[in-house]
Amino acid sequence: MTNQFTRLYRAVVVFVVAVLAALVGWVLFYSVPSDLAELLGVLLVIGTVVAALRVGGQLAASMFPTYDVAEVAVEGPISRDGGGGRIPGRGGGLPADDIVAQIEAASDDDNAEALLLKLNTPGGEVLPSDDIRRAAADFDGPTVAYATDTCASGGYWIASGCDELWAHDASIVGSIGVIGSSVNASELAEKVGLSYERFAAGKYKDAGNALKEPTDDERAYLQGLIDDYYDDFVERVAEGRDMDPEAIRETEARVYLGEEAHELGLVDSLGTRDDVEDRLAELLSRDEVSVREFVPQVSLAERLRGGVEGVAYAFGAGVSSSFDVDDGFSFRF
């Protein structure tokens, strides 16, 4: 069924629902009452028709959907809760679980024959990035990742699970590496009179604790974890991109502009959003495709809470500045 016929069928459904609503409204609110009620009846008829148009539009959309490609966006830092230390209202990403849920919803939607994953992220936490990658890889149909501004680190990990990766010639792509970090505040603690006393079972239980200087053994242990994550990253990218692992290691976690990334084989093709949609149409053997963006439903309470967080942050930032000290070791792409 072409998009032209689909739009026609939807219009017919909406028109029929509106006519039926008008007839019912006329009988119930205008034809039966008399005198003063007639004016109110006219208004009620109009209101009924307006409501019916909305219901009919939703009914028509469900009966004759016009989309065949599902788009899911991964934007901002990748984390489990979508926070990641973000400034409220300024570029925080969606929680990784919400992104996974949208990809799974697209996979369960019979109308979504292909997945377009829009990427604009500098990376983030390891496991949430891998969850999104796995969900994209499990999609039953063509999957195309499209890098807009930035597809780095965890974003590239996600893209390696898709069939193809497209980018602009000026997109920032790469950073195939892993970083682990822990604030070392042992000297500061000593200056202010704080001391660290260890109560732990296991030699490396408190490795990376911010209040003590790490030993050489602990540094080697933590670096070993980073190396293991990196080896896994290289292996996944090599498999997904069909590249030599050594060629990936030679990038040494550099970032590249899209054109150079394409020359190195890190990107399949360069182009605009229209070019990406043309490619999806080719993969689906269509003249054109229609894309629907899958986004999580945000309740009124969550929107209000987000607004309150933004106001509270703005107020607090005007009074003082602060920093967080993590008492553990964190891994991220």
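The values are calculated or read from the model by the stated rules, or taken from the named source; none is laboratory data. The structure presented is a predicted model; accordingly, all values stated were derived computationally and were not measured. Ideal geometry is used to build each Cβ from the backbone, glycine not excepted, and the neighbour counts take in all protein chains shown.
Checking each residue in the range 140-159 for being touching a residue at least 40 places away in the same chain (Cβ under 8 Å) and surrounded by fewer than 23 Cβ atoms within 10 Å (Cβ to Cβ) picks out only P142.
Yes/no matrix, rows are residues, columns are (1) out of contact with any Phe, Trp or Tyr (no Cβ under 8 Å at 6 or more places or on another chain); (2) at pLDDT below 95; (3) not assigned by TED's automatic domain parsing to the domain that holds G265:
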{"residue": "G123", "(1), (2), (3)": "no, yes, no"}
{"residue": "L127", "(1), (2), (3)": "yes, yes, no"}
{"residue": "D130", "(1), (2), (3)": "no, yes, no"}
{"residue": "D140", "(1), (2), (3)": "yes, yes, no"}
{"residue": "T143", "(1), (2), (3)": "yes, no, no"}
{"residue": "G154", "(1), (2), (3)": "no, yes, no"}
{"residue": "S182", "(1), (2), (3)": "no, yes, yes"}
{"residue": "A185", "(1), (2), (3)": "yes, yes, yes"}
{"residue": "K191", "(1), (2), (3)": "yes, yes, yes"}
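Considering each residue of the range 100-121 in turn, at least one proves to be in a helix (DSSP H, G or I), among the charged types (D, E, K, R) and closer than 21 Å to S290 by Cα. Does R279 fit the bill of being surrounded by 12 or more Cβ atoms within 10 Å (Cβ to Cβ), modelled with pLDDT under 90 and either assigned to a helix (DSSP H, G or I) or of a type in the set (S, T, N, Q) (or both)? It is false that R279 is surrounded by 12 or more Cβ atoms within 10 Å (Cβ to Cβ), modelled with pLDDT under 90 and either assigned to a helix (DSSP H, G or I) or of a type in the set (S, T, N, Q) (or both). Scanning the range 180-222 for residues that are in contact (Cβ under 8 Å) with a residue 24 or more places away in the chain and surrounded by fewer than 15 Cβ atoms within 10 Å (Cβ to Cβ) returns S181, E213.
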